[in-house]
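Remarks on the structure that follows.
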Amino acid sequence: MAVATQGMVVNLATGLLARLSGAALKALIEIEVTGEAAAKYYVELDGKPTLLPALPQGRHPDVIFKGDQFSLAALLEGRMSFSDAFVTGRVSLAGDVVKIVQLKQALIPKTS
């Protein structure tokens with residue numbers, strides 16, 4: 001298995017931003033990458049998703065999206081379903097239940 005690099009993790013966060021572009025969701029999301037590429041990233045959703053360098057002072061994430069870099073990438077690229085990701089425990093979500101549901105709906109690929 002390839003070792004995840006910091007650049008790969010940044011690409012993952014950027015991919016999440018692209019998937020959430022235009023989502024009608026206001027939330028502060030923490031992306032916690034586990035494993036060799038362990039890192040935390042923060043995404044502010046308020047009209048336009050923005051990748052933040054750190055958790056804003058005095059704020060707490062509304063949603064914590066946690067998993068290893070490869071599982072998160074597979075989920076965001078559509079190679080793994082939400083059901084598989086969560087049932088197998090490879091990815092977890094914690095936080096505000098309403099915002100978790102909204103986030104899941106925003107990330108599910110739209111079918112025509």
Which pairs do you get when a residue that is within 17 Å of LEU76 (Cβ to Cβ), found in the range 24-49, comes within reach of a residue that is assigned to a loop (DSSP other than H, G, I, E, B) and basic (Lys, Arg), reach meaning Cβ atoms under 7 angstrom, with the pair 6+ apart or on two chains? LEU45/LYS26
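Residue-by-condition table, conditions (1) crowded, with 18+ Cβ neighbours inside 10 Å; (2) in contact with a strand residue (DSSP E or B) (Cβ under 9 Å, 6 or more places away or on another chain); (3) under 18 Å from LEU28 (Cβ atoms):
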{"residue": "ALA54", "(1), (2), (3)": "no, yes, yes"}
{"residue": "PRO61", "(1), (2), (3)": "yes, yes, yes"}
{"residue": "PHE65", "(1), (2), (3)": "yes, yes, yes"}
{"residue": "LEU76", "(1), (2), (3)": "yes, no, no"}
{"residue": "SER81", "(1), (2), (3)": "no, no, no"}
{"residue": "ALA94", "(1), (2), (3)": "no, yes, yes"}
{"residue": "VAL98", "(1), (2), (3)": "no, no, yes"}
{"residue": "VAL101", "(1), (2), (3)": "no, no, yes"}
{"residue": "LYS104", "(1), (2), (3)": "no, yes, yes"}
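Condition check ((1) at pLDDT below 85; (2) hydrophobic (A, V, I, L, M, F, W, C)) across all residues:
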| site | (1), (2) |
| --- | --- |
| GLN69 | yes, no |
| GLY89 | no, no |
| LEU107 | yes, yes |
| THR111 | yes, no |
Does any residue of the range 80-95 turn out to be acidic (Asp, Glu) and over 15 Å from the mean Cα position of the chain (by Cα)? yes
Restricted to the range 20-51 and to residues being among the aliphatic types (A, V, I, L, M), crowded, with 16+ Cβ neighbours inside 10 Å and assigned to a loop (DSSP other than H, G, I, E, B), the residue modelled with the lowest pLDDT is ALA23
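The values are calculated or read from the model by the stated rules, or taken from the named source; none is laboratory data. Please read all numbers here as calculations on a predicted model, not as lab measurements. All Cβ positions, even for glycine, are placed from backbone atoms using ideal geometry, and neighbour counts span all protein chains on display.
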